[in-house]
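Encoded as structure tokens, the structure appears first; notes follow it.
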Amino acid sequence: MQIHTLDKAQLIHEVQLGSHLSHAVEGGRRADFALMLAMLSPDLLETTPLDTPPAQGKTESELRAYFELPPAAPLSSTEQCYEHGAQQAQAFHDSGLSDVRLLSGLQPTALSYPPQGTKGMPEELYHNLSGHERRLLPPTETTRVPASPQDLYLSLLQAKRFSEMYIA
């Protein structure tokens, strides 16, 4: 019975000791200090503060549907962003700033327009390269080889005929 009460009395934090630990250090009572440290839990998972994850709420798409909000503005430009930007510029020239605000609320444009045709590099760096260095850069999109099984069969036949002609 006494063993179970000692297990329940195990200390988890030194805060539970209060000022007794510091008084033992100041008073030079090494036995009391050693006893109090021995009573602390050796399990690091008990002494490590763990934050509980926040409760699962609604996702952004569910909240947008609930409040009837339009889709979020894209962060980087797409083809539609250039079209919407041209429409907003035309609306500004035709009727002013209020129409531009209305169009930007209905059809939001991108927040960033990165340079195009610079193979992912900053524009200043790309234009500082010579033509030879630009030519050595890898292409941004891979070119797909138009191949089919019939074309492969014809290519193999041609290769076989050429090898027969040059070997003989």
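The values are calculated or read from the model by the stated rules, or taken from the named source; none is laboratory data. Given the structure is predicted, the values throughout are model-derived calculations rather than measurements. Note that we place each Cβ from the backbone using ideal geometry, even for glycine, and neighbour counts take in every protein chain shown. Side chains are part of the model used for accessible areas, which takes the heavy atoms of the whole protein and leaves out ligands, DNA and RNA. Shrake-Rupley method; radii C 1.70, N 1.55, O 1.52, S 1.80 Å.
Quick notes
- Residue count for the range 1-36, restricted to those that are at pLDDT 75 or above and either in contact with a Pro (Cβ under 9 Å, 6 or more places away or on another chain) or part of a helix (DSSP H, G or I) (or both): 16.
- Test: residue in the range 137-144 that is surrounded by 11 or more Cβ atoms within 10 Å (Cβ to Cβ), assigned to a loop (DSSP other than H, G, I, E, B) and under 35 Å from the mean Cα position of the chain (by Cα): yes
Yes/no per residue for (1) at pLDDT below 90; (2) farther than 22 Å from Glu60 by Cα; (3) part of a loop (DSSP other than H, G, I, E, B); (4) not small (Gly, Ala, Ser):
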residue: Pro70; (1), (2), (3), (4): yes, no, yes, yes
residue: Pro74; (1), (2), (3), (4): yes, no, yes, yes
residue: Tyr82; (1), (2), (3), (4): yes, yes, no, yes
residue: Gln87; (1), (2), (3), (4): no, yes, no, yes
residue: Ala91; (1), (2), (3), (4): no, yes, no, no
residue: Asp94; (1), (2), (3), (4): no, yes, no, yes
residue: Leu103; (1), (2), (3), (4): yes, yes, no, yes
residue: Thr109; (1), (2), (3), (4): yes, no, yes, yes
residue: Pro115; (1), (2), (3), (4): yes, yes, yes, yes
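- Restricting the range 105-120 to residues that are open to solvent by less than 50 Å² (accessible area, probe 1.4 Å) and either in contact (Cβ under 8 Å) with a residue 12 or more places away in the chain or more than 32 Å from the chain's Cα centre (by Cα) (or both), the residue that is farthest from Arg134 (Cα to Cα) is Gly105.
- Residue, least open to solvent (accessible area, probe 1.4 Å), within the range 81-104, restricted to residues that are out of contact with any helix residue (DSSP H, G or I) (no Cβ under 9 Å at 6 or more places or on another chain) and touching a residue at least 24 places away in the same chain (Cβ under 8 Å): Cys81
- Contacts under 9 angstrom Cβ, first residue in the range 10-31 being open to solvent by 60 Å² or more (accessible area, probe 1.4 Å), partner in a loop (DSSP other than H, G, I, E, B) and at pLDDT 80 or above, 6 or more apart: His23/Arg29
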